[in-house]
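> For reference, the structure I am asking about is given below.
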Amino acid sequence: MATKLAALVVLVAFLAGPAACEGVTICFNGWLRLPLLNTLLCRGSGIPRKPAPPPSGLGLVYGYYNYNSSTSRSYCPGAEGIVRGAVEKAVAANRGIGAGLIRLFFHDCFVRGCDASVLLTTTNSKNSDTEREGPPNKNSLRGFEVIEEAKAAIEAVCPNTVSCADIVAFAARDASYILSDRRINIAMPGGRYDGRESFATETDQLPGPFSNTAQLQESFTAKGLNSEAMIALSGAHTIGSARCMFFSSRFPEMDPAFAAKLKGQCNGNDNTNVDQDYMTPDVLDKQYYQNVIDNKVLFTSDAVLSSTETIKEVKENANMPEAWERKFERAMEIMGKIEVKTIGNQQGAEIRKVCSRVN
């Protein structure tokens, strides 16, 4: 399976463009756009996902590492400050890393819950075809070095205490705060344990750039997130960049002037990265929603938010930035509670010493 997934990642670069074939099929939950003659490569995808109840986050505690008692094994009052310092340093050097940290959190929580499985390069079952190798993540995710730096600094003062999963969550919170010019302040509890398994095949739980409205809603409701949360979290596409392979097929559907500008930036190279938000690419703000309204967004999954089912909320977010900021805060907090592991070995979990490998 590792070879097959790696081949798909390479293949999509060639097949994603509009000239590949007149008839196409979308598979791997909206991540792969392939000619109809290659539908066998989609075998096994498209399995319906059942809605889940809202995540409870049972066992998580706000200020988790600040409580000190004779029975506590989680006391590390400087932990969140260390993470914040690492994020501040990284974002000061490259604001794109902040976008990467927010995306890393999303990609972690949607697969096996918020357990840092997205960081693993090898697992308890000796699997090396981990989530990092899946089509949504390979050669795409950023911010690993920030997590590892924070983890190493924390281990030096509080060994075997702070999970990589919590560091990922805190880093996304801090990146959101910095990139929003301190307008977004997410309440993020701690107490997650780290998972011990990770599989590339499971990354099809992540909604992809070619997803339609129904596929987006199915992906989010399967994690207990409603339509408001889905639209609020989509606002993160106001920061960061995307490869041309994921939107070049949409040029005829975009605002003509916007499409012409993007064509010039891509210049026929599907691996070129361009800003997701052409107006305020380094600021986490409500501009994304105006871009949806103006048909100046990159992905199919962005454009479909202009549908009758979602356009009302999109317009509200565009016109009321403070309301969207509060929605984004709530959605990130709730997402951080998805399928968390909070009781260690009883759930096949641990506190990793190094975030990229199990103990």
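The values are calculated or read from the model by the stated rules, or taken from the named source; none is laboratory data. Because the structure is predicted, anything quoted here is derived from the model rather than measured. FYI the Cβ positions are ideal-geometry reconstructions off the backbone, even for glycines, and counts take in every protein chain you see. When the accessible area is computed, the model is the full protein with side chains, heavy atoms only, and any ligands, DNA or RNA have been set aside. Shrake-Rupley method; radii C 1.70, N 1.55, O 1.52, S 1.80 Å.
> Roughly how many Å is it from the Cα centre of the range 123-140 to that of the range 205-255, as a whole number?
22 Å
> At 0.36 nm per residue, minus the direct Cα-Cα distance, what do ASP181 and TYR67 gain on full extension? Give it in nm, one decimal, please.
Here the segment from ASP181 to TYR67 would lengthen by 38.1 nm.
> Report the local net charge at VAL314: Lys and Arg +1, Asp and Glu -1, summed over other residues whose C-beta lies under 14 Å from its C-beta.
In short, -1.
> Heavy-atom accessible area per residue, the chain, 1.4 Å probe: how many Å²?
43 Å²
> Over the Cα atoms of the range 130-205, compute the convex hull volume and normalise it per residue, giving Å³.
Hull volume over Cα atoms, normalised by residue count, gives 125 Å³.
> Show me, for the range 254-261, the HN-Hα J-couplings you get by feeding each phi into the Karplus relation (A = 6.51, B = -1.76, C = 1.60, θ = phi - 60°), rounded to Hz, glycine and proline as x.
Those phi angles translate into 7, 3, x, 5, 5, 4, 4, 5 Hz.
> Stokes-Einstein at 25 °C, 0.890 mPa s, Kirkwood radius from Cα pairs: D for the range 47-161 in µm² s⁻¹?
151 µm²/s
> Under the rule of at least 5 residues apart or a separate chain, name every residue whose amide H is placed under 5 Å from the amide H of THR130.
So THR130 has HN proximity to ALA200.
> To continue, here is another question. Ignoring ligands, DNA and RNA, what percent of the 1.4 Å accessible area of the chain is carbon and sulfur?
Answer for the chain: carbon and sulfur cover 52 percent of the accessible area.
> Using only the alpha-carbon atoms of the chain, report the extent along each of the three principal axes, biggest first, to the nearest angstrom.
Reported extents, whole Å, longest axis first: 66, 46, 39.
> Where the centroid of each part is defined by its Cα atoms, how far is the range 148-173 from the range 322-359 in Å?
12 Å
> Per-residue ellipticity at 222 nm for the chain, helices alone: DSSP H runs ≥ 4 residues times -39500 (n - 2.57), over residue total, nearest 500 deg cm²/dmol?
Only helices count here, giving -11500 deg cm²/dmol.
> Quick check: convex hull over the Cα atoms of the range 182-290, volume per residue in Å³, rounded to an integer?
Given the Cα convex hull of the range 182-290, per-residue volume reads 158 Å³.
> Would you look at the GNM of the chain, springs on alpha carbons closer than 10 Å, and say which of SER56, SER241, SER301 moves the most?
Its mean-square fluctuation being the largest, the pick is SER56.
> Now, a different point. In terms of Cα to Cα distance under 26 Å, which lysines are near enough to LYS138, apart from those fewer than 8 places away along the same chain?
LYS4, LYS89, LYS126, LYS151, LYS223, LYS263, LYS337, LYS341, LYS353
> What is the chain's relative contact order, in percent, from Cα pairs under 8 angstrom and six or more apart in sequence?
In percent, rounded to a whole number, it is 25.
> Express the relative contact order of the range 246-359 as a whole percentage, based on alpha carbon pairs under 8 Å and six or more residues apart in sequence.
Averaging sequence separation for qualifying contacts and normalising by length gives 18 percent for the range 246-359.
> Moving on. Of the residues ASN94, ASN317, ASN226, which exhibits the maximal mean-square fluctuation in a Gaussian network model of the chain defined by a 10 Å Cα contact cut-off?
Result for the chain, Cα springs under 10 Å: ASN94 fluctuates most.
> Starting at the first residue of the range 164-172, write each ³J(HN,Hα) from the Karplus equation 6.51 cos²θ - 1.76 cosθ + 1.60 with θ = phi - 60°, in whole Hz, x for Gly and Pro.
Couplings: 5, 4, 5, 4, 4, 5, 5, 5, 5 Hz.
> Cα gyration tensor of the range 256-359, axes a ≥ b ≥ c as square roots of the eigenvalues: rounded (a/c below 1.5), prolate (a/b > b/c) or oblate?
Verdict is oblate for the range 256-359.
> So, one more: Determine the percent antiparallel among the DSSP beta bridges restricted to the chain, to the nearest 5.
About 90 percent, rounded to the nearest 5.
> Are there any trypsin sites (Lys or Arg not before Pro) in the range 160-217 that are in a DSSP loop and have at most 13 other Cβ atoms within 10 Å? List them by number.
Here the sparse-neighbourhood loop sites are ARG182.
> Now for a different question. Is the shape of the range 217-272 best called rounded, prolate or oblate, per the rule: a/c under 1.5 gives rounded, else a/b larger than b/c gives prolate, else oblate, with a ≥ b ≥ c the square roots of the Cα gyration tensor eigenvalues?
prolate
> What is the local net charge at LEU225, summed over the other residues whose Cβ is closer than 15 Å to its Cβ (Lys, Arg +1; Asp, Glu -1)?
Residues near LEU225 contribute -1 overall.
> Using DSSP loop states and a limit of at most 15 other Cβ atoms within 10 Å to flag chymotrypsin sites (Phe, Trp or Tyr not before Pro), what is the longest stretch of the chain containing no flagged site?
76-359
> For the peptides 343-356, 150-163, what is the packing order when you average, over each peptide's residues, the other Cβ atoms within 10 Å and list the highest mean first?
The densest-packed peptide leads the list: 150-163, 343-356.
> Please identify, among CYS244, CYS266, CYS114, the residue showing maximal mean-square fluctuation in a Gaussian network model of the chain using a 10 angstrom Cα cutoff.
Per the Cα network of the chain with a 10 Å cutoff, CYS266 tops the list.
> Let me check I've understood the local charge: for ALA79, count other residues with C-beta under 14 angstrom from its C-beta, Lys and Arg +1, Asp and Glu -1. What total comes out?
Result for the neighbourhood of ALA79: 0.
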